[in-house]
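What follows is a single structure, written as structure tokens, with notes after it.
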Amino acid sequence: MLTEQSPPTDPAGPLPQTSPAGLDDFMGKMVGDMGAAMSAALVLLGDHLGLYRALADGGPATPAQLAARTGTTERYMREWLAGQAAAGYVTYDEDQHLFSLDPVQTMVFADEGGPVFLAGGFDVIAAMFRDEPKIAEAFKSGDGVGWHEHHACLFRGTERFFRPGYNANLLSSWIPALDGVEAKLKRGAVVADVGCGHGASTILMARAFPNSRFFGFDYHAPSVDQARKTAEAEGVGDRAVFQTAAAKAFPGDHYDLVCIFDALHDMGDPVGAAAHIRASLDPDGTWLLVEPFANDEMTDNLNPVGRMFYAASTMFCTPASLSQEVGLGLGAQAGEARLRKVCQDAGFTRFRRVAQTPFNLVFEVRP
Ligand SMILES: C[S@@+](CC[C@H](N)C(=O)[O-])C[C@H]1O[C@@H](n2cnc3c(N)ncnc32)[C@H](O)[C@@H]1O
């Protein structure tokens, strides 16, 4: 029992008289990191409820005005806007008492078709939290967790995370960097997009090259269904055809171009997939391999982009690979040397880096 003579003590024990060097700085970093993690849920709200779009379209607003625009309620909106302003994701004008998106914030949070739209990728973050118990079990058992075993928000989030990069780079930079491929696509080529997911890359190419035929393959049937629907909606269903197929077994031969966008490292047997691609290519064909940006040495990936990709690799990519035959577990930070070896082991003789972005490595691989 507590008495006046025995004041309550901190159950964790007394704080050290002297803190280790750097504690204040590290606590500051952690407050920033925890704030970012917590406000990720607020970004999901802003994206799913159309709050960013309405703020961009309608211009500066009070909480009540933005609530009225979006069919939501003022009290919630006040809290959300204050949190977003604290994050620096929206701008607050203290004189006018108005919240707004500046041009940069608009591009990142409201411009879905643009080159730097990031809000859609927060659905990937949501999948990490929803599926954490499955991954915790996999840590203990060593078993894999298939791509298809994740919450559906991962599939749409992946499409929305990667699509801006494809919009910004695929037609303007990556395809032109390949030897002779753009000319073939203009004339009329046959193309396979393997591990196509929702088909963002396939459909982008199909729109740009009407004389060519595109075949998107993915082992995940719901993603293939979605890709098919999007291709129909975008008016390219005649030349962008989607089929459920594993990377080691997709049909067709004499492809002029085979593409894999951010999917090779998710596969259990990337060498087997590469060997099947080699067998499916025209002798003069090209494999366009796009993988997450990574340096060869882990120590050179200990930076903000590596942090994101190691997180995705822990929660999605490595478990996906371990769930499949062979289970190589390349990981999302494989880097050029390991990717080159995969291609060499599959019998390819030519491999060169043709482009890169902060998020992607782009390779031309040829028989
Ligand atoms: C990170 S997602 C990338 C999807 C798409 N290429 C994009 O860029 O949006 C990886 C994709 O690889 C697919 N995948 C994984 N293993 C596969 C395999 N063995 N054969 C075919 N597809 C596979 C998954 O279903 C998923 O759609």
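Scanning the stretch 191-205 for residues that are more than 7 Å from the ligand (Cβ to nearest atom) and free of Cβ contacts under 8 Å to residues at least 60 places away in the same chain yields G199, T202, I203, L204, M205. Any idea which residue in the stretch 223-239 is farthest from the ligand (Cβ to nearest atom), counting only those that are assigned to a helix (DSSP H, G or I) and among the β-branched types (V, I, T)? Of everything passing the filter in the stretch 223-239, T230 is farthest from the ligand (Cβ to nearest atom). Consider the stretch 186-207. How many of its residues are more than 23 Å from the chain's Cα centre (by Cα) and surrounded by fewer than 22 Cβ atoms within 10 Å (Cβ to Cβ)? The total comes to 4. Scanning the stretch 51-87 for residues being surrounded by fewer than 17 Cβ atoms within 10 Å (Cβ to Cβ), touching a residue at least 12 places away in the same chain (Cβ under 8 Å) and closer than 20 Å to A37 by Cβ gives a total of 3.
Residues in the stretch 312-366 that are among the charged types (D, E, K, R) and either more than 28 Å from G142 (Cα to Cα) or surrounded by 24 or more Cβ atoms within 10 Å (Cβ to Cβ) (or both): R350, R352, R353, E364, R366.
Here D269 fulfils each of the conditions (1) within 18 Å of F162 (Cβ to Cβ); (2) near the ligand (Cβ under 8 Å from one of its atoms) apart from (1).
In the stretch 152-177, the residues that are among the acidic types (D, E) reach residues that are surrounded by 22 or more Cβ atoms within 10 Å (Cβ to Cβ) and assigned to a helix (DSSP H, G or I) with C-beta atoms within less than 8 angstrom, at least six apart or across chains, in these pairs: E159/A200. As for the stretch 32-39, it holds at least one residue that is at pLDDT 95 or above and surrounded by 15 or more Cβ atoms within 10 Å (Cβ to Cβ).
Checking the conditions here, which among A240, A233, A273 is more than 11 Å from C196 (Cα to Cα), of a type in the set (A, V, I, L, M, F, W, C) and open to solvent by 20 Å² or more (accessible area, probe 1.4 Å)? Being more than 11 Å from C196 (Cα to Cα), of a type in the set (A, V, I, L, M, F, W, C) and open to solvent by 20 Å² or more (accessible area, probe 1.4 Å) holds for just one of A240, A233, A273, which is A233. When the helices (runs of 4 or more DSSP H) confined to the stretch 240-322 are screened for residues that are under 22 Å from A355 (Cα atoms) and touching a residue at least 40 places away in the same chain (Cβ under 8 Å), those reaching at least 2 such residues are found at 270-280. Among residues that are open to solvent by 10 Å² or more (accessible area, probe 1.4 Å) and farther than 18 Å from K341 by Cα, R228 is included.
The values are calculated or read from the model by the stated rules, or taken from the named source; none is laboratory data. Source: prediction; values computed, not measured. Cβ sites come from the backbone with ideal geometry, for glycine too, and all protein chains shown count toward neighbours. Areas reflect the complete protein model, heavy atoms only, side chains present, ligands, DNA and RNA absent. Shrake-Rupley method; radii C 1.70, N 1.55, O 1.52, S 1.80 Å.
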